[in-house]
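Below you'll find the structure, written out as structure tokens, and then a few comments.
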Amino acid sequence: MSVHSKLYEGKAKIIYSTEDPEILLADFKDDATAFNAQKRGSITGKGNMNCIISSKLFQELESLGVKTHYVDSLKPNQMRVKAVKIVPIEVVVRNIAAGSLCQQTGLPLGTALKQPLVEFYYKNDQLGDPLLTRDRILLLELAKPEQVDEITHLALQINQFLIGFFQRCDITLVDFKLEFGLDSQQQILLADEISPDTCRLWDTSAANDPDRRVLDKDRFRRDMGNVENAYQEVLNRVLKAVETNNN
Ligand code: TMP
Ligand code: ASP
């Protein structure tokens, strides 16, 4: 296969091969989709912003000992990543009730959860990413029991880090989605991205204003406007927090 041939195109990223079979190149796109791609659009500068935000968060996590697929980022919208086989489970961690949790349980938006809720969704667009149970994961052989345990432990550890990190950005981490992959040694690595596309992020200083507080993809999903500004605001605050941390 030639160097930099396109291996896969997803909704938000294109994955290319590199000269090293263990390393892939993820190209972050400005394309935005919602509701299983029924809604499509573009967010100017999103590719750059999400790639930079994700790179910084992966680097911070690595420094805490969490293994990720991040290698480096040589261009603003490109991340070199370790080649992994993605576990077809979307792991959602929730601290505050929002989105599908409210729709499916009737919990009022903004309810603080007594403890983080870890949920699994089947990464399968044809089926509409349905909610999984542990037994369904084992039934479908999407992961082994010990892998489900490790992923749950990692998701909670990542949540603890992200809550604190975003607090320093004056941002409340409502919920987020993670994906994990297996490397050639069957090690579980955090993969995909952590960005305003995959997190619900509320501006803590506007906590009681249901419009102004939203600094994430819900602005696109719900046609709230000021989408680019929200992503830019998250990027600025993340960069400042990382800089302050390193000084
Ligand atoms: P949900 O409330 O719609 O289930 O979303 C929970 C979190 O997961 C939220 O932070 C957005 C994120 N998410 C994704 O990253 N990709 C998706 O396809 C969906 C549905 C949610
Ligand atoms: N991943 C969703 C889609 O399939 C987008 C989202 O709601 O985050 O379009």
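Annotations
- Ratio Rg/Rh [Cα only; Rh per Kirkwood] for the chain: 0.94
- In order along the range 59-67, the phi-based Karplus estimate (6.51 cos²θ - 1.76 cosθ + 1.60, θ = phi - 60°) of 3J(HN,Hα) comes to 5, 4, 5, 4, 5, 8, x, 7, 7 Hz; Gly and Pro are listed as x.
- Restricting attention to the range 104-247, lysine pairs at least eight places apart or on different chains and with alpha-carbon atoms under 23 angstrom apart total 7.
- Counting other Cβ atoms within 10 Å as a rough exposure proxy, the listed residues Ser54, Ser5 run Ser5, Ser54 from fewest neighbours to most.
- J(HN,Hα) series, the range 139-150, from Karplus relation 6.51 cos²θ - 1.76 cosθ + 1.60, nearest Hz, glycine and proline x: 4, 7, 6, 7, 7, 7, x, 5, 6, 4, 4, 5
- For the pair the range 124-145 and the range 40-117, the centres of their Cα atoms are 20 angstrom apart.
- Computed FRET value (nearest 0.05) for Gln126 with Glu243, which takes r as the C-beta separation and R₀ as 35 Å: 0.20
- Sequence of Tyr122, Tyr8 once ranked by neighbouring C-beta atoms within 10 Å, starting from the fewest: Tyr8, Tyr122
- Normalised by 2.2 N^0.38 Å, where N counts its residues, the alpha-carbon radius of gyration of the range 114-181 equals 1.26.
- Helical mean residue ellipticity (222 nm; -39500 (n - 2.57) per DSSP H run of 4+; nearest 500) of the chain: -10000 deg cm²/dmol
- Backbone N atoms of the range 148-185 closer than 13 Å to the 7 Å Cα→Cβ label point of Arg134 belong to residues 148-153.
- Counting 0.36 nm for each residue step from Glu22 to Ala37 and taking away their Cα separation leaves a gain of 2.4 nm.
None of the figures in this text is laboratory data; all of them are computed from the coordinates on show. Quick caveat: nothing in here was measured; it's all calculated off a predicted structure. So basically every Cβ, Gly included, is an ideal-geometry build from the backbone, and we count neighbours across all protein chains shown.
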